[in-house]
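Only the coordinates and a few stated rules stand behind these numbers; no lab work does. Nothing here was measured: the structure is a model prediction, and the numbers come from that model. With ideal geometry, Cβ positions are generated from the backbone for all residues, glycine too; neighbour counts draw on all protein chains shown.
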Amino acid sequence: MNGTVILDSNAIIALLDGNKSVARMLENVQQVLVPAIVCGEIDAGTQGDTKREQATREAFASFLEMEQVAVLPIMRKTGEFYARIFSFLKSAGTPIPTNDIWIAACVVESGATLLSFDRHFANVPLIDVRILET
């Protein structure tokens, strides 16, 4: 896979845990974008003092410092895409978690490919998503 990808939090955690299939998908990628929402999800999941949480925090901080990785901020245009996606999914009767709508909005705004283990992203129109297998 070439170009730009956005990673969902579950893809990042899998990568940090040594998932080789996720790592292989990123080998030829030019840029990895991490939505601010995803940073919040990972930060929230690593607030404790266990060794695993501390190790994940440190590994995530190092990951974000990599040259080809950038945090994607939430902008006004992102909110407009969020509203459109939310409305579509609601009318289609296929709601997804709120944070995932924000992530999908980032995908639409950036034109990147999303990597996630969450199959419900397939219900979101206008995004290029690669559903990862466990």
Note, the range 13-29: 3J(HN,Hα) by Karplus (6.51, -1.76, 1.60, θ = phi - 60°), whole Hz, Gly/Pro = x, goes 4, 4, 4, 5, 7, x, 5, 6, 5, 5, 4, 5, 5, 9, 4, 10, 6
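The chain: longest stretch without exposed GluC sites (Glu not before Pro) (DSSP loop, at most 15 other Cβ within 10 Å), sites themselves excluded?
Working: sites that count: Glu27, Glu65, Glu67, Glu133.
Maximal segment without exposed cleavage sites: 68-132.
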Relative contact order in percent for the range 4-131 (Cα pairs under 8 Å, 6+ apart) equals 29 percent
Answer in debye to the nearest 20: the dipole magnitude of the chain about its Cα centre, from +1 Lys/Arg and -1 Asp/Glu charges placed on Cβ, is 320 debye
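What list do you get for Cys106, Cys39 if you sort them by fewest beta carbons within 10 Å?
By the 10 Å Cβ count, ascending: Cys39, Cys106.
When the helix-only estimate is applied to the chain (DSSP H runs of n ≥ 4, each -39,500 (n - 2.57), divided by the residue count), what is the mean residue ellipticity at 222 nm, nearest 500 deg cm²/dmol? Provide the component values of the computation, followed by the final result.
Working: 6 runs with 68 residues, N = 134.
Calculated at 222 nm, the ellipticity per residue is -15500 deg cm²/dmol.
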In order over the range 52-58: 3J(HN,Hα) from phi, Karplus 6.51/-1.76/1.60, θ = phi - 60°, whole Hz, x for each Gly or Pro, gives 5, 5, 5, 5, 5, 4, 5
Given Cβ charges of +1 for Lys and Arg and -1 for Asp and Glu, the option among Thr134, Phe117, Phe88 whose Cα lies farthest towards the positive end of the dipole of the chain is Phe88
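Provide Leu33, Leu7 in ascending order of the number of other Cβ atoms located within 10 Å of each residue's Cβ, fewest first.
Numbers: Leu33 20, Leu7 26.
The order, fewest Cβ neighbours first, is Leu33, Leu7.
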Once amide hydrogens are built 1.01 Å from N within the peptide plane, the residues lying 5 or more places from Val124 or on another chain with amide H under 5 Å from its amide H are none
Which of (1) 33, 16, 13; (2) 29, 17, 12; (3) 24, 17, 14 is the computed semi-axes √(5λ) of the Cα gyration tensor in Å? It is (3)
Assertion target for Met66, Met75, ordered by fewest C-beta neighbours within 10 angstrom first, is Met66, Met75
For Ser116, the residues 5 or more places away or on another chain with a placed amide H closer than 5 Å to its own amide H are Arg130, Leu132
Partner lysines whose C-alpha sits under 18 Å from that of Lys90, ignoring same-chain residues fewer than 8 away, are none
